[in-house]
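Everything below concerns the one structure shown next.
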Amino acid sequence: MGMHMKNCRFTDMKIMCIILGVFFWGILVFCKLAGIEYIAKVIPEKLLLKYANLVVYGAFFILALIAFRKQFFSAVKDFKDNRQKYEKLIIVTIIITIVLMVASAIILSNMGVGDSNNEKSIEKSLENNGFMEIIVACFLGPVVEEVFYRGILFEFLNGKDKHLSRSIAAVILTSLFFAFMHVSLGNFTVTDMLANIPILMLGLTVTTLYWKTENIICPILVHIAMNTIATMG
């Protein structure tokens, strides 16, 4: 159970969560399965590569802010009221996340597993699009993904009773799904799945942080920090 019971949970708006969730993950799965080659038949490939991420994540960012404005206001107020506690937890979580991600990346490298297709795609987008991709990777992406994976998915799996065993299972399942959705489904390989283990580590830490704080701002800030570090690297 978190430090405080929050007045506003994302899943209090069940219908809105289901509609946006189906829409969000449906688009991701379609894009991953269809591939750029298929979508490029409808949208010019140069335009697609340059603006696709910005448009998709920008649209869901705006939708999330509008649909869940009460939840965000409640989270911001709670963060201000408990700022010192949350800042300490965020710093500790960032350190643990870096250690876990680096350690898993080193182990995978020694096993001959290189960068995931998702990482290669991001690197290519950064080279081609620069500033726009930085906005997506370091701000829009973390906000949108935390709302959908932690605010919606984890809360649905965790339920209102919040039994310890169910919460632990919810943390694990949410993190596994988060990592799986970063796998290239159109060109699925076991190697690519293994390459996303560092993403699984990120999922485990930020989901645990959200479970303990019940405040979406905390995992968002950790996610932003990790993506910014990775982008700089």
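The table below lists the values:
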read-out	value
Cα long-axis angle, helix 14-39 against the chain (0 to 90 degrees, to the nearest 10)	10 degrees
Where labels lie 7 Å past Cα in the beta-carbon direction, separation of Ile27 and Ile66 in nm	1.2 nm
Anisotropy class of segment 162-212 from Cα gyration tensor, a/c 1.5 cut	prolate
Accessible area of the chain belonging to carbon and sulfur atoms, whole % at 1.4 Å probe	69 percent
Degrees separating the helix 45-67 axis from the principal Cα axis of the chain, which is the longest one	10 degrees
Solvent-accessible heavy-atom area per residue, rounded to whole Å², over the chain at 1.4 Å	54 Å²
Contour excess over end-to-end distance, with Cα ends at Lys160 and Asn110 and 0.36 nm allotted per residue	13.7 nm
Listed pairs Lys14/Lys85; Lys77/Lys212; Lys80/Lys212; Lys14/Lys160 exceeding 19 Å between Cα atoms	Lys14/Lys85
Formal net charge of residues neighbouring Phe156 (Cβ-Cβ distance under 14 Å; K, R +1; D, E -1)	+3
Local net charge near Ile168, Cβ-Cβ under 14 Å (Lys/Arg +1, Asp/Glu -1)	+2
Computed label-point distance, nm, for sites Ile95 and Val55 using a 7 Å Cα→Cβ extension	4.4 nm
Cα long-axis angle, helix 83-110 against the chain (0 to 90 degrees, to the nearest 10)	40 degrees
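The values are calculated or read from the model by the stated rules, or taken from the named source; none is laboratory data. All values derive from a computational prediction rather than experimental measurement. We place every Cβ from the backbone using ideal geometry, glycine too, and count neighbours over all the protein chains shown. What goes into the accessible areas is simple: the full protein's heavy atoms, side chains included, and nothing from ligands, DNA or RNA. Shrake-Rupley method; radii C 1.70, N 1.55, O 1.52, S 1.80 Å.
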